[in-house]
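K.L.:
After the structure tokens below, expect a handful of questions from me.
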Amino acid sequence: MPHPLAPPLPDGPAPLRLGRPVQPLRGLTILAVEDSRFACEALRLLCLRSDARLRRAESLEQADRHLSVYSPDVVIVDLGLPDGNGADLIRRLARQRCPGLAVLGTSGDPAGQTAALAAGAAGFLPKPIESLAGFQATVLGHLRATPPLPQDIDALPLKPDRVALHDDLLRAADLLRAANDGRSRRYVAAFLGSLARSARDRDLERAAGHAADTALALPQLAALVAARLAAAPPAFGPPEGGSPRSRPAG
């Protein structure tokens, strides 16, 4: 006979309760060393969906300041930065061999993968970074004691906030006006080439490629940037999961 205070027994097996799996990047801190707001907005959305914390550095100098204070779990390093080559930072981090730290390279240039891996990166994220499953698999593939990926990942490509694209174009317009030597010209051309690939703007990508080779192509590139700025603002809307002027965590 059951105890009088015991809870009643169920009539049959308890129903199976299926909930969403734990986000696989929960608790991780990711430092993005990335000069493009548009590219970092994509990373913000990926981290938001993965429950990871994102910090951002726009340059090698800022990255050094972050790394002197914080100990991220993952560092994603863009190869083209305003104050140098991201491969140099990857090389330094690889030499330090920080336990548990995964260093990944990223670039809109397909040749960037070879450079990043040669510098010591554990993996590479080609731009545009749009796939949640691909992002999570790449990050988890280079961390120790990682949980399995959930099976119900949204397969739709992410669409970053277009306001971030507008900000990048404004910055590029300023850089183009100040591009008075080969180094600054090549940097802004590479910046716009990567941005154009992320935005799937083939005309802008081609113009950036020409400008990387010759200063004579700069006026055409500047005209395309001005045209994008003139046409873009009315079409901009609020980003996914944020206010119209939200920014990646810094």
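The values are calculated or read from the model by the stated rules, or taken from the named source; none is laboratory data. These figures come from a predicted structure and were not determined experimentally. Note that we place each Cβ from the backbone using ideal geometry, even for glycine, and neighbour counts take in every protein chain shown. These area figures cover heavy atoms from the full protein model, side chains too; ligands, DNA and RNA do not enter into them. Shrake-Rupley method; radii C 1.70, N 1.55, O 1.52, S 1.80 Å.
K.L.:
Looking at the stretch 71-83, which of the residues that are touching an Asp or Glu at 6+ places or on another chain (Cβ under 9 Å) and not hydrophobic (A, V, I, L, M, F, W, C) is nearest to GLY193 (Cα to Cα)?
P.N.:
GLY80
K.L.:
Then there's this: For GLY105, are the conditions met, namely being closer than 26 Å to LEU192 by Cα and either in a helix (DSSP H, G or I) or open to solvent by 50 Å² or more (accessible area, probe 1.4 Å) (or both)?
P.N.:
no
K.L.:
Which of the following residues is more than 11 Å from the chain's Cα centre (by Cα) and either at pLDDT 90 or above or aromatic (Phe, Trp, Tyr) (or both): VAL22, VAL69, VAL75?
P.N.:
Result: VAL69 is the single residue among VAL22, VAL69, VAL75 that is more than 11 Å from the chain's Cα centre (by Cα) and either at pLDDT 90 or above or aromatic (Phe, Trp, Tyr) (or both).
K.L.:
Of these, SER198, SER184, SER246, which one is within 19 Å of ASP35 (Cα to Cα), at pLDDT below 95 and not in a helix (DSSP H, G or I)?
P.N.:
The match here is SER246.
K.L.:
Still on this structure, I have one more. If CYS98 satisfies all but one of (1) closer than 24 Å to ALA208 by Cβ; (2) out of contact with any Phe, Trp or Tyr (no Cβ under 9 Å at 6 or more places or on another chain), what's the number of the condition it fails?
P.N.:
Of the numbered conditions (1) closer than 24 Å to ALA208 by Cβ; (2) out of contact with any Phe, Trp or Tyr (no Cβ under 9 Å at 6 or more places or on another chain), the odd one out for CYS98 is (1).
K.L.:
Any residue in the stretch 213-232 that is farther than 19 Å from ARG200 by Cβ and assigned to a helix (DSSP H, G or I) sitting within a Cβ distance under 9 Å of a residue that is among the hydrophobic types (A, V, I, L, M, F, W, C) and open to solvent by 50 Å² or more (accessible area, probe 1.4 Å)? List the pairs, counting only those 6 or more apart or interchain.
P.N.:
So the pair list comes out empty.
K.L.:
Right, next: Inspect the stretch 28-35 for any residue being over 16 Å from LEU104 (Cα atoms) and not basic (Lys, Arg) and give the result as yes or no.
P.N.:
Among the residues of the stretch 28-35, not one is over 16 Å from LEU104 (Cα atoms) and not basic (Lys, Arg), which makes the answer no.
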